[in-house]
Amino acid sequence: MPSEILVALISLAGTVIVAVISYIGNSAGARRAARENAEMVQYRLQELEKKVDKHNNLVERMFKVEGRVEELEHDVRDLKTKG
């Protein structure tokens, strides 16, 4: 076998080995990045849920306050008409 062919085959084998190692490394990095991204999305969803709960609690409280204000306004009107 001519030396040029032998050198070409060795170069090819080296290139394939480096490509496989690079692919494996990048795949692991991509999986790690995807996992970290999923964890961040999960965290942000939990924080958003907390904010929504606070907002809903405020809306419920304001609904009750508005109802009580209407009752008080009605009582004031009644007192004004009597006086």
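Within the same chain, aspartates and glutamates fewer than 8 places from LYS80 are excluded, and of the rest, those with a Cα less than 19 Å from its Cα are GLU70, GLU71. Taking label positions 7 Å along the Cα-Cβ direction at both VAL76 and ALA30, the computed distance is 6.7 nm, reported to one decimal. Subtracting the Cα-Cα distance of TYR23 and GLU39 from their residue separation scaled by 0.36 nm leaves 3.3 nm.
The magnitude of the dipole of the chain, with charges of +1 and -1 set on the Cβ of Lys/Arg and Asp/Glu and taken from the Cα centre, is near 120 debye. Under Stokes-Einstein, with the Kirkwood radius over Cα pairs as Rh, the value for the chain at 25 °C and 0.890 mPa s is 123 µm²/s. The C-alpha atoms of the chain define a longest principal axis, and helix 3-82 lies at about 0 degrees to it.
Pull up the cross-link candidates among the aspartates and glutamates for LYS64, meaning alpha carbon to alpha carbon under 20 Å and not fewer than 8 places away within one chain. Excluding near neighbours in sequence, the set is ASP53, GLU73, ASP75.
Among SER22, LEU48, PRO2, pick out the residue whose Cα is farthest towards the positive end of the charge dipole of the chain, where Lys and Arg carry +1 and Asp and Glu carry -1 on C-beta, about the Cα centre. Selected residue: LEU48.
Candidates THR81, ASN57, LEU12 compared by Cα position along the dipole of the chain: farthest toward the positive end lies THR81, with charges placed on Cβ.
Here, each number is a calculation from the coordinates, and none is a lab measurement. None of the values given here were measured: they were computed from a predicted structure. With ideal geometry, Cβ positions are generated from the backbone for all residues, glycine too; neighbour counts draw on all protein chains shown.
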